[in-house]
């Protein structure tokens, strides 16, 4: 039993590492195949592709593995929103949708 737990821990550690290396290779290949011809940038090495991938994950993706158990606050808010929508009457739901359409219509075509 204990031996199988060790194998699982190794497996769950190795999968993200292997994915990082595979995706880094894909980033390098796509960069070198597309961007030098289109934009005129230089080709990058494998390690530069990995660095770019990690940097973009830090800047834009965050680290979602650090969320608390139970889905985090975002999931709880979403679940509560859908629960409220489910408990609304059809008239209340239509009124709610109309209000949000009006709010978002002004934001879509806003020129700053």
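Run the numbers for residue 105 and residue 85: contour at 0.36 nm per residue of separation, minus the present Cα-Cα distance, in nm.
Values: separation 20, 0.36 × 20 = 7.20 nm, distance 2.11 nm.
The residue 105-residue 85 span can extend by a further 5.1 nm.
For a protection proxy built on the mean count of beta-carbon atoms within 10 angstrom, sort 33-41, 19-27 highest first, please. The partial results should precede the final answer.
Working: 33-41: 10.2, 19-27: 13.4.
The densest-packed peptide leads the list: 19-27, 33-41.
Can you give the FRET efficiency to the nearest 0.05 for residue 97 and residue 19, using r as the Cβ-Cβ distance and R₀ = 41 Å? Mind showing how you got there, number by number?
Values: r = 40 Å, r/R0 = 0.98.
Efficiency for this residue pair is about 0.55.
Express in nm, to one decimal, how much length is gained between residue 34 and residue 9 on full extension, taking 0.36 nm for each residue of separation and deducting their alpha carbon distance. Numbers along the way, then the final one.
Working: separation 25, 0.36 × 25 = 9.00 nm, distance 3.80 nm.
Stretched out fully, the residue 34 to residue 9 stretch lengthens by 5.2 nm.
Taken together, the values in this text are just the output of simple stated rules run on the coordinates, not laboratory data. This is a predicted model, so every value here is computed, not measured. With ideal geometry, Cβ positions are generated from the backbone for all residues, glycine too; neighbour counts draw on all protein chains shown.
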